[in-house]
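To start, the structure under review is shown below, and the notes come after it.
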Amino acid sequence: MILADTSTNAPQQKAHATATQGTPVAVTTAETTGRQAVEVRNLEVFYGQHKAVHNVSLSVKHQEVTAFIGPSGCGKSTILRCFNRMNDLVRHCRVQGSVKIHGADIYARGTDVMELRKRTGMVFQKPNPFPKSIHENVAYPLRIHGVRGKAVIAEKVEKSLRLAGLWEEVKDRLHASALSLSGGQQQRLCIARAIAVDPDVLLMDEPCSALDPIATKTIESLINELSKSITIVIVTHNMHQAVRVAHQTAFFYMGNLVEAGPTDKMFHNPEQHQTLAYVTGQFG
Amino acid sequence: MTLPTTPTPEGYHHHEWWPRLVSFVAKILCSAAAAVALVMLFLILGYMVWKGISGLHWSFFTHLPLQEPMGMRNCIVGTLLLAGIASLIGVPIGMLCGIYLAEYAPRGWSTQGIRLTLDVLAGTPTILFGVVVYQIMVVRPQNFNGWVGHLSLWSHRVQSWMGITNGYSGWAGGLALALIMVPIIARTTEEMLRMVPLAHREASAGLGASKAETLWRVVIPSAKAGIITGIMLAIARVAGETAPLFFTAFGNDAMVYNPNRQTPSLTEQIYNYSQSDDPHWRAQAWTASLVLVSMVLVFSAAVRIATRKRRIRTR
């Protein structure tokens, strides 16, 4: 569920109230009320003096697929990268406001960023497997998070590769270089790698933009499959992709959250004129 | 309605002559330069082989300089000993320095200063390293006043505490060579680490790896081949050094395994013998050159084979 709220004076209570009353912005199904995977409040991101994200508040519902759409430079990737604090690696990047994942404020003092990133997997725009074997790529996060024992690791690697739908294609060459795989296979390997340590949330930053339509289709059905057990946030340039995979969609423009809601509504009956203009291809 | 005419194949032909001439001249110049470099290299190597091969005999590897027939067993062992000591000191320091510069150093004038210093050191005439080590490790501290004297005195205290002789020694020679290696290895290591794509670092960080884990498990393995090449270059370079050894290891006609003694080396022996009036000795110098070059070649080839990518196993 996404609760869009761009007005600065909107307190959290109001958002909560809309959720329980089932007003148009917030869609509620009886038993899922209140199960928020990610809650963003008044998020602002600066790159040096430049303000890239303006006071964004939204919620991402547990075990659903949420798409972030918007033209290039609208801040959607920046927001995504706040969810696992990848922006910490960027020089002169400053984050204000709060981001809570399953209730815990990840920008609070003393947050274990390594643990956060373990529980919040990320898939990048370009497939980026390590120049290691297929097996070692998936075993890497297991090893750094203290999983020991050949058999245990082999079992978990197989499980992740099966989940990512790659096992049948690579089971006979697990020790071949990951770079020998095709682009689509590499991206599925990266997904297998990200889900190997059972994250709660999977962040995908335009995961199909470097892939051909067939590989894209495979990844999209994988996203549908994974969303049964993992919360997925996907940034995409491709509006059709949002329609195909996302339960919820949020539209960003110039660092602002314009509107968020169920994908169906966002594409057919949006409340904001800007959203309608974007989804009907009038700009962007 | 008229359709646009399809250009005929002839329509794509350019009849301008000068772009092709420029291209042709550039090609000729580049090929010629490459040919000159190769010809000179093979002339030198060929001349060395021609002059040196006659002295190549088993006794060269088994006998000592003052035995009959003459040999240079002690010099071969000495060169290995000196290069070994130099590598033990220089490789870790150089690599750590390169890792610091690439991964941890703050951006700014101080880091830029370190880089510039290393570049200058890499280009410094190597005799200077010999003189520096000579002052701090070889000469008795009483000979110096002021801070040089203090440095010398303290280094002598450390030396005696470590059981290293004051005076000419393999340790002093190894240290001088290590100082030559450090800037070369540091800068190549830094360059190689910088070449590892950001995507690998991001992937690792995104999986929850710490900076150190990313560095040791992803970045350094990716840069391994380049770093090893840099180390090999540095070792080959110091194996051919002569001047700094005159001030430090000095040379020896006897067999030396203990670096506390004056230590012989092929380069220093080549220098001494090539100055001789005796044609037999000069021939020995050529043979020693041939052996030295072959040693570097074999060593480089061995390291390349040993660190070559393992054949990909299927299961």
Fill in: Residue-normalised accessible area of chain B, expressed per residue, 1.4 Å probe, Å²
59 Å²
Response to the item:
Those helices of chain B passing the 18 Å axial Cα length cut-off and the mean Kyte-Doolittle cut-off of 0.5 (DSSP H runs only) are B:18-52, B:73-99, B:170-195, B:220-239, B:279-307
Fill in: Percent of Cα pairs exceeding the 32 Å cut-off, where the set is region B:52-306
33 percent
Worksheet item: Summing +1 for each Lys or Arg and -1 for each Asp or Glu, what net charge is found among the other residues whose Cβ lies under 12 Å from the Cβ of A:Lys100?
Response: -1
Response to the item:
Charge tally for neighbours of B:Asn272 with beta carbon under 12 Å away, counting Lys, Arg as +1 and Asp, Glu as -1, is -2
Discussion item. Once the cut-off is 33 Å, how many percent of the Cα-Cα pairs in chain A end up in the long-distance tail?
Written reply: 21 percent
Worksheet item: To the nearest 20 debye, what charge dipole does the protein assembly as shown have about its Cα centre, counting +1 at the Cβ of each Lys and Arg and -1 at the Cβ of each Asp and Glu?
Response: 840 debye
Worksheet entry | Within chain A, longest stretch free of exposed trypsin sites (Lys or Arg not before Pro) [DSSP loop, at most 14 other beta carbons within 10 Å] | A:149-227
Item to complete: Multiply the residue separation of A:Lys228 and A:Asp112 by 0.36 nm, subtract the distance between their alpha-carbon atoms, and state the gained length in nm to one decimal.
Response: 39.1 nm
Fill in: Hydrodynamic radius of the protein assembly as shown per Kirkwood, over alpha carbon pairs, in Å
29.6 Å
Worksheet, complete the sentence: A:Leu179 and B:Val39 label points (each 7 Å along its Cα→Cβ direction) are spaced in nm at 3.8 nm
Practice prompt. Just add up the charged neighbours of B:Arg115: K/R +1, D/E -1, any other residue whose Cβ is under 15 Å from the Cβ of B:Arg115.
Written response: -1
Practice prompt. Estimate the FRET efficiency between A:Ala104 and A:Lys126 by the formula 1/(1 + (r/R0)^6), using the beta-carbon distance for r and 30 Å for R0, to the nearest 0.05.
Written response: 0.50
Worksheet, complete the sentence: Both in Å, the radius of gyration and Dmax of the C-alpha trace of region A:111-171 are 12.4, 39
Worksheet item: How are the C-alpha pair distances of region B:27-170 spread across 5 Å bins, as whole percents from the shortest bin up?
Response: 2, 7, 8, 10, 12, 13, 15, 12, 9, 7, 3, 1, 0
Response to the item:
Residue span B:Asn258 to B:Trp154: 0.36 nm per residue of separation minus Cα-Cα distance leaves a gain in nm of 35.1 nm
Practice prompt. Pop out the carbon and sulfur fraction of the accessible area of region A:6-279 as a percent, whole number, probe 1.4 Å.
Written response: 50 percent
Worksheet item: Between B:Thr124 and A:Glu168, how many nm apart are label points set 7 Å from Cα along the C-beta direction?
Response: 6.6 nm
Worksheet item: Within the P(r) computed for region B:174-315, what percentage of the Cα pairs occupies the region above 24 Å?
Response: 51 percent
Worksheet item: Quick one: which of A:Lys61/A:Lys100; A:Lys51/A:Lys76; A:Lys150/B:Lys211; A:Lys118/B:Lys211; A:Lys61/A:Lys265; A:Lys171/A:Lys217 span more than 18 angstrom between C-alpha atoms?
Response: A:Lys150/B:Lys211; A:Lys171/A:Lys217
Worksheet item: Hey, how many Å between the Cα centroid of region A:218-284 and the Cα centroid of region A:119-148?
Response: 28 Å
Worksheet item: What residues in region A:182-221 lose 20 Å² or more of accessible surface when the other protein chains are added to their chain alone (1.4 Å probe)?
Response: A:Arg193
Worksheet item: Roughly how many percent of the accessible protein surface of region B:109-163 is carbon and sulfur, given a 1.4 Å probe and a whole-percent answer?
Response: 70 percent
Response to the item:
Output row, site A:Lys51, 7 Å Cα→C-beta label point, backbone N cut-off 16 Å, window region A:237-278, residues A:253-258
Worksheet entry | Net lengthening on full extension, A:Asp198/A:Asn42 (0.36 nm per residue, minus Cα-Cα) | 53.3 nm
Response to the item:
In square angstrom to the nearest 100, the accessible surface buried at the A/B interface, both sides summed with a 1.4 Å probe, amounts to 2100 Å²
Worksheet item: Considering only DSSP beta bridges whose two residues both sit in the protein assembly as shown, what percent are antiparallel, to the nearest 5?
Response: 60 percent
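The values are calculated or read from the model by the stated rules, or taken from the named source; none is laboratory data. Not measured: the values here are computed from a predicted model. No Cβ is skipped: glycine too gets one built from the backbone with ideal geometry, and neighbour counts run over all protein chains shown. These accessible areas exclude ligands, DNA and RNA; they are computed on the full protein's heavy atoms, side chains included. Shrake-Rupley method; radii C 1.70, N 1.55, O 1.52, S 1.80 Å.
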